[in-house]
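Structure, as structure tokens:
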There are 2 protein chains.
Amino acid sequence: MRASGRAFLARLGANESGFGPSPMAVAAMSEAAGEAWMYGDSECHDLRHALAAYHGVAPANILVGEGIDGLLGNLVRLMVAPGDAVVTSDGAYPTFDYHVTGFGGVLHKVPYRDDHEDPAALLTRAEQVGAKLLYFCNPDNPMGSWHSARIVQRMIAAVPDGTLLVLDEAYVDAAPDGTAPPLVPEDPRVIRLRTFSKLYGLAGLRVGYAIGAAELIAVFDRVRNHFGVGRLVQAAALAALHDQAWLEQVRQQVQDARGRLQDIAAGHGLHALPSATNFVTMDCGRDGDFARALVAALRARDVFVRMPFVAPHDRCIRVSTGPADTLTDFDEVLGECLRALT
Amino acid sequence: MRASGRAFLARLGANESGFGPSPMAVAAMSEAAGEAWMYGDSECHDLRHALAAYHGVAPANILVGEGIDGLLGNLVRLMVAPGDAVVTSDGAYPTFDYHVTGFGGVLHKVPYRDDHEDPAALLTRAEQVGAKLLYFCNPDNPMGSWHSARIVQRMIAAVPDGTLLVLDEAYVDAAPDGTAPPLVPEDPRVIRLRTFSKLYGLAGLRVGYAIGAAELIAVFDRVRNHFGVGRLVQAAALAALHDQAWLEQVRQQVQDARGRLQDIAAGHGLHALPSATNFVTMDCGRDGDFARALVAALRARDVFVRMPFVAPHDRCIRVSTGPADTLTDFDEVLGECLRALT
């Protein structure tokens, strides 16, 4: 956006929530603005306790951090020494890979299987290489695919000794019921990551949280930036959490918009993959060069979408859900770009 | 505050700015609140360019981060391997020590000299131990003392080969002219740290910045949390920077409040140390046990102040500047507490 000097016609590239944050969160930010001279609570007491109550776990099972990115950075720092093995899927979250590389870990990447992350292959590889961490994103980014709670539960049960499963559930608020397995907070085999950046509509604040065994959560106190989650951020997240009616409404809007994006894709001869996220990944039916050209053509028309960056996923473009008028703009520009490219 | 369940009568313990942030910054936060669904710019382009213009350096010399704490964490990570030597003053910033220890560095602590950090002794020790980093805070926290720009310049010139001087200037906006040496942005021997948490009154947002050689600044891109400084934070800091009239007014208020705190101290038989910061350190003329008891007694009366934590500084209490009515409350409660303790 900065590069072109223009506002986007359709900002659908970062899986933000174009439906916006709860008006209660907006009000909380405005109210807290005048108090911005005071440091926030280094323990995020109120937010942590509210999250614990929401999830039915103890406050000691909750760690609030600077988005899932920040939490992943500290987690990798705590768990991965130089040379340690880490397993993820090829084409999964690059920021996780960035942190692993940054702390000297060795990444082992398992291919997707039919556009899904492959739990059995991930577990096998983790066992083979003695992985300290196994990253698994459910529902998945960038393909939008997902596994049921039953499969995830079996995966947790089969995590090798010495491996911690990093279950990134950034998109779980958009997924069908039965996607997130029940929380077993003291299970030492898994740490679960959630965020306010997606359906809660607070990407601009960077706040997420981890749910895990109290002993694991406590270890973060040795490395985290203790005042890293500021006062406004805590106030906004707390207000957003309390407005579950808004979240439910956004969930419905996301579902409707996914349907609309599937129709748009079909209307242009693209194949929309099923999605349990707040975006739809569209198979363009050609190679990565074609998809890259399409993304660039859209960008030149101020339509911002992204695409998976490894083959064979790079045959696709990834389009965030958003308000109806934004999707109408996308529909129109997509048609023009496709006509120009073919 | 949370522990007592009451609001503080006088919140003077964290060197926040009770004079508040610029109304322009408050307005910017309110305005940006509705846009909180969008990620902030990962490069902090506008803020970085505005800071560069303000300081007369290149944007490539500026790094925006999650407060000085966040910047210090990344700096230590980049510069300090396990076993590496790091030099600081005994009783200086504990969060710096926390990061050094966290990354396996070995701290070498030099005593203050007459309640001032001791540049000559710090340099000698850095040379002796082959320090990777030498931390120097000017003006100093927790004593409020300072060295002139001339002395700091001589210190920079004498930094041993292989040592980087970390010049923490969190409080420099409160210092007399002639405290900060001129910026020589491409000097590879020093990195300078500034913050919006003190006189700008934005502690609740956690945003600071480093000024250093472009080559050094660029290295942070390998470790920093790229979206860690959120959209509201960037908007607020930019607005605060543009309201230099507000900063100037706060500077005057801080100066007046320092004078008032010196009078209050004298009125109770305490000795206020000279200060170039937004707080005043008061020598209680007794030992650490007495000062600790005084801090606790004040806290029981909802007056929040802190104290230095190593001897001989722990004979003192540290009181932030603040609005006149807050200082009046402090004056009254201080008198009662001192009478009760003696």
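Bear in mind these aren't lab numbers, they're just calculated from the coordinates by the rules spelled out. Quick caveat: nothing in here was measured; it's all calculated off a predicted structure. Here the Cβ positions follow ideal geometry from the backbone for every residue, glycine too, while neighbour counts run over all protein chains shown.
Taking amide H as placed 1.01 Å from N in the peptide plane, B:THR281 has its amide H under 5 Å from the amide H of B:LEU273, B:VAL319, each at least 5 places away in sequence or on another chain. Pairwise inverse Cα distances across the range B:22-160, averaged and inverted, put the Kirkwood hydrodynamic radius at 17.4 Å.
Each Lys or Arg adds one and each Asp or Glu takes one away; over the other residues whose Cβ falls under 14 Å from the Cβ of B:SER30, this sums to -3. Label-point spacing for B:GLY335 across the identical copies (point 7 Å from Cα in the Cβ direction), in nm and ascending order: 8.1.
From the alpha carbon centroid of the range B:1-76 to that of the range B:298-342 is 27 Å. Its DSSP H runs of at least 4 residues, each contributing -39,500 (n - 2.57), put the calculated 222 nm mean residue ellipticity of chain B at -12500 deg cm²/dmol, to the nearest 500. Under a model in which nothing but the beta-carbon of Lys, Arg (+1) and Asp, Glu (-1) is charged, the range B:95-184 shows a dipole of about 280 debye around its Cα centre. Mean sequence separation of contacting Cα pairs (under 8 Å, at least six apart), scaled by the length of chain B, corresponds to a relative contact order of 25 percent. Between the range B:84-163 and the range A:108-158, the alpha-carbon centres lie 47 Å apart. As a proxy for reagent exposure, B:LYS198, B:LYS109, B:LYS132 were ordered by neighbouring Cβ count within 10 angstrom, fewest first; the result is B:LYS109, B:LYS132, B:LYS198.
Shape class for the range B:125-251, computed from the alpha carbon gyration tensor (a ≥ b ≥ c): oblate, with a/c not under 1.5 and a/b at or below b/c. For a test of the definition: using alpha carbon positions, the gyration tensor, and the 1.5 limit on a/c, classify the range B:185-329 as rounded, prolate or oblate. Cα axes put the range B:185-329 in the prolate bin. Loop-located trypsin sites (Lys or Arg not before Pro) in the range A:216-257 (DSSP state not H, G, I, E or B) with no more than 14 neighbouring Cβ atoms inside 10 Å do not occur. Taking a sphere under 11 Å around the Cβ of B:ARG194 and counting the other residues whose Cβ falls inside, with K and R at +1 and D and E at -1, yields a net charge of -1. Its Cα centre serving as origin, the range A:24-242 has a Cβ charge dipole (Lys and Arg +1, Asp and Glu -1) of approximately 180 debye.
Show me the helices of chain A, taken as full DSSP H stretches, that run 27 Å or more along their long axis by Cα and average -1.0 or above in Kyte-Doolittle hydropathy. Qualifying helices, which must be both long enough and hydrophobic enough, are A:244-267. Extending 7 Å from the Cα toward the beta-carbon at both A:PHE309 and B:THR328 defines two label points whose distance is 6.0 nm. Within the protein assembly as shown, the proportion of C-alpha pairs whose separation exceeds 34 Å stands at 49%.
Taking amide hydrogens as placed 1.01 Å from N in the peptide plane, the amide H of A:LEU133 sits under 5 Å from those of A:VAL87, A:LEU164, each at least 5 positions away in sequence or on another chain.
In order along the range B:271-280, the Karplus-derived 3J(HN,Hα) couplings, from 6.51 cos²θ - 1.76 cosθ + 1.60 at θ = phi - 60°, round to 10, 7, 6, x, 9, 10, 10, 9, 9, 10 Hz, and Gly and Pro are given as x.
Seen through its C-alpha gyration tensor, with square-root eigenvalues sorted a ≥ b ≥ c, chain B comes out oblate because a/c lies at 1.5 or above while a/b is not bigger than b/c.
Taking only alpha carbon atoms, the range A:99-174 gives an Rg to Rh ratio of 0.95, where Rh is the Kirkwood radius. Return the loop-located trypsin sites (Lys or Arg not before Pro) in the range B:1-100 (DSSP other than H, G, I, E, B) with at most 13 other Cβ atoms within 10 Å of their own Cβ; answer none if there are none. When the trypsin sites (Lys or Arg not before Pro) of the range B:1-100 are filtered for loop state and at most 13 Cβ neighbours within 10 Å, B:ARG2, B:ARG6 remain.
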